[in-house]
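This is the structure, below, for whatever I ask next.
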Amino acid sequence: MITTMIDVVMDIDISIPLYWTRSRSALLHSADGRLVGTITRSVEYRHRFLGMWLAGRDILQLHLDDVPTPACRIALKASFPLEFLDPNGKTVGFIRHVHAWLHPEFTCTDLDGKPFGTITSTGLLAYNLTSDDLTASARYSPAKSRGTRPRLAVWKFRASGKHAINPRLLLAFVALKQMPDFSG
C-alpha cells in the first residue's frame, strides 16, 4: 500500500526515455550504479462498446527493487489535478498546480488533503523536491544524456547527506515531464 512504502535514499539518477514506448521504461539508479527501481508506462482502458475499447488513460507505475506490484501509480492527463492511484486503481492522492509564475510549483497531497511534498522549478532545467525536512535538487545532466541509445533524458537527484525521499515525489516529477501540455 502507498502509505507503507519504503523511501528512496538519495543520490539517484533517473533516465527518462524521450520517446516512450511500451518496451521502454525509466530507470532509477543509485549513485553507485545499482538499479533501485523502474517506471513503466501503460494504457489502462476504461470503456468498452460493442467489443471495442473506446477510452484509455496513460498510467505511470513505479516499481522499487524488482517488486512486481507497483509501489505507486499516477494517471496522466492534460490538466490538473493528477491522481495518485493504489495498485487497485483507487485514487489515494493528488498533484496540484499551485502557481505558474516564473517558477512553477506543484504540491502532492494525500486523499485527505494533507501535503507530503512539493516540486518547485528553480530554473529551466532544475527543480527542488521537498518532503518533510528534506530538499533534494534535480538537475538535467547533458553529459549523461548525450549519446544514449535509445535517447534518454538523465536527471540527477542530489541531497545533502544520505537522506531518503518519498518515492511518490519521484514518480510525480516524471509524470510532470510526461503530461501532454506541460513544458518545463
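Of the residues that sit in region 122-159 and are in contact with a Lys or Arg (Cβ under 6 Å, 6 or more places away or on another chain) and assigned to a strand (DSSP E or B), which one is nearest to Gln178 (Cα to Cα)?
Val154
In addition: Name the pairs whose Cβ atoms lie under 9 Å apart, with the first residue in region 110-137 and touching a residue at least 40 places away in the same chain (Cβ under 8 Å), the second among the basic types (Lys, Arg) and assigned to a strand (DSSP E or B), and 6 or more positions between them or separate chains?
From region 110-137, the pairs are Tyr127/Arg139; Ala136/Arg158.
Checking Arg96 against (1) under 21 Å from Arg57 (Cα atoms); (2) in contact (Cβ under 8 Å) with a residue 60 or more places away in the chain: exactly one of these is not met. Which one?
Failing condition for Arg96: (2).
Could I ask something else about it? Within region 167-183, can one find any residue that is farther than 23 Å from Thr38 by Cβ, loosely packed, with under 14 Cβ neighbours inside 10 Å, over 14 Å from the mean Cα position of the chain (by Cα) and touching a residue at least 40 places away in the same chain (Cβ under 8 Å)?
yes
Next question, about the same structure. Among the residues of region 128-143, how many are at pLDDT below 90 and open to solvent by 50 Å² or more (accessible area, probe 1.4 Å)?
Total meeting the criteria: 3.
Filter region 95-127 down to residues that are at pLDDT below 85 and out of contact with any strand residue (DSSP E or B) (no Cβ under 7 Å at 6 or more places or on another chain) and give me whichever is most open to solvent (accessible area, probe 1.4 Å).
Only one residue tops the list, namely Trp101.
Quick test of your reading of the structure: Ser79 fulfils all but one of (1) polar (S, T, N, Q); (2) in a strand (DSSP E or B); (3) open to solvent by 20 Å² or more (accessible area, probe 1.4 Å). Name the failing condition by number.
For Ser79, the exception is condition (2).
A follow-up question, please. Could you please let me know if Ile39 is in contact (Cβ under 8 Å) with a residue 24 or more places away in the chain, under 19 Å from Trp155 (Cα atoms) and among the aliphatic types (A, V, I, L, M)?
The answer is yes for Ile39.
The values are calculated or read from the model by the stated rules, or taken from the named source; none is laboratory data. These numbers come from a predicted model, not from an experiment. Glycine also receives a Cβ, built like all others from the backbone with ideal geometry; neighbour counts cover every protein chain displayed. Heads up: the accessible areas ignore ligands, DNA and RNA and are worked out on the full protein's heavy atoms, side chains in. Shrake-Rupley method; radii C 1.70, N 1.55, O 1.52, S 1.80 Å.
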